[in-house]
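Undergrad: My structure is below; once you've seen it, I'll send some questions.
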Amino acid sequence: MIVERNEPVTLVGGGTVAPGDLAYALSLAPFLVAADSGADRAFAAGYQPQLVIGDLDSLSNVVRNQLAPNMIFEIAEQDSTDFHKALRHIKAPVVVAVGFLGARVDHQLAAFNTLVQALASPCILLGEHEVIFHVPRQISLPTLAGDIVSLFPMGAVSGGSTGLKWPLEGVQMSPMGLIGTSNEALGPVCLSPDGPGLLGLIPRHHLPQLMPLISRARSW
């Protein structure tokens, strides 16, 4: 591990960072790590990351020259994204990821793929309207009646649920078949998929409550 913390970590990427999003993430996860050019995004928002991890092919020289050499960790292989490179070297209760959504769709798809990989720490992507996470073996979500709860399978998966308008029981989901977007909460929702690969999306204002739930949940 490059980063080992007992507190939540914010990871910033080089994608779209909406005004205020980095400050919001840091209020909940105060240790800041950048994935490659995420360091440029951090400096632009007025923050200096404690560490930078990635292949460093997009980190600007202007920002690089402002960082001590022992703050920069180059991982030269090209078989994974900078998001994956950073996440697999962070050990923390939970990682809040900012700057990995928006802009290029292929980067977003790669981020979703990374979320369902075997990682050292659970990760939550912060989006404009929702937060996105890999659904663990079982989780009870603090949703309210009427909240949109979307479930997107990255592979074949089924499972159980309570508190959804359209329950999951008896439903076989697949990225090439039936998916579970735009479901609706009747109140708190409990999810228990039968295997890995299911992405969950709930309104972003639930992030503070979701973080400890994800950190304590039994991952795949």
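The values are calculated or read from the model by the stated rules, or taken from the named source; none is laboratory data. Just so it is clear, the structure is predicted and the values come from calculations on it, not from any experiment. All Cβ positions, glycine included, derive from the backbone under ideal geometry; neighbour counts span all protein chains shown.
Undergrad: Considering only residues that are in contact (Cβ under 8 Å) with a residue 40 or more places away in the chain and in a helix (DSSP H, G or I), look in segment 112-123 and name the one that is surrounded by the most Cβ atoms within 10 Å (Cβ to Cβ).
TA: Among them, the one singled out is 115.
Undergrad: With a cut-off of at least 1 residues that are within 20 Å of the chain's Cα centre (by Cα), more than 23 Å from residue 130 (Cβ to Cβ) and of a type in the set (D, E, K, R), name the helices (runs of 4 or more DSSP H) lying wholly within segment 1-95.
TA: On the way: elements: 21-28, 38-44, 61-64, 82-87.
It comes to 38-44, 82-87.
Undergrad: Looking only at segment 180-212, which residues are over 14 Å from the mean Cα position of the chain (by Cα) and either under 11 Å from residue 135 (Cα atoms) or at pLDDT below 95 (or both)?
TA: 190, 191, 192, 193, 194, 195, 196
Undergrad: Tell me yes or no: at least one residue of segment 152-173 is more than 25 Å from residue 211 (Cβ to Cβ), touching a residue at least 24 places away in the same chain (Cβ under 8 Å) and outside any loop (DSSP other than H, G, I, E, B).
TA: Within segment 152-173, one or more residues are more than 25 Å from residue 211 (Cβ to Cβ), touching a residue at least 24 places away in the same chain (Cβ under 8 Å) and outside any loop (DSSP other than H, G, I, E, B).
Undergrad: Cβ-Cβ distance below 7 Å, separation of 6 or more or different chains: which pairs start in segment 77-90 with a residue that is in the same structural domain as residue 112 (by TED's automatic domain parsing) and touching a residue at least 24 places away in the same chain (Cβ under 8 Å) and end on one that is assigned to a helix (DSSP H, G or I) and crowded, with 18+ Cβ neighbours inside 10 Å?
TA: Close Cβ pairs satisfying both conditions: 81/114; 83/111; 83/114; 84/114; 87/114.
Undergrad: Shifting gears a bit: Before we move on, is residue 203 more than 17 Å from residue 95 (Cβ to Cβ), touching a Ser or Thr at 6+ places or on another chain (Cβ under 9 Å) and not assigned by TED's automatic domain parsing to the domain that holds residue 150?
TA: Yes; evaluated as a whole, the condition is true for this residue.
Undergrad: Is it true that some residue in segment 133-141 is surrounded by fewer than 18 Cβ atoms within 10 Å (Cβ to Cβ) and outside any strand (DSSP E or B)?
TA: Taking segment 133-141 as the starting set, the residues that turn out to be surrounded by fewer than 18 Cβ atoms within 10 Å (Cβ to Cβ) are 137-138, 140.
Of the ones still in play, those that are also outside any strand (DSSP E or B) are 137-138.
Yes, the conditions are met somewhere in segment 133-141.
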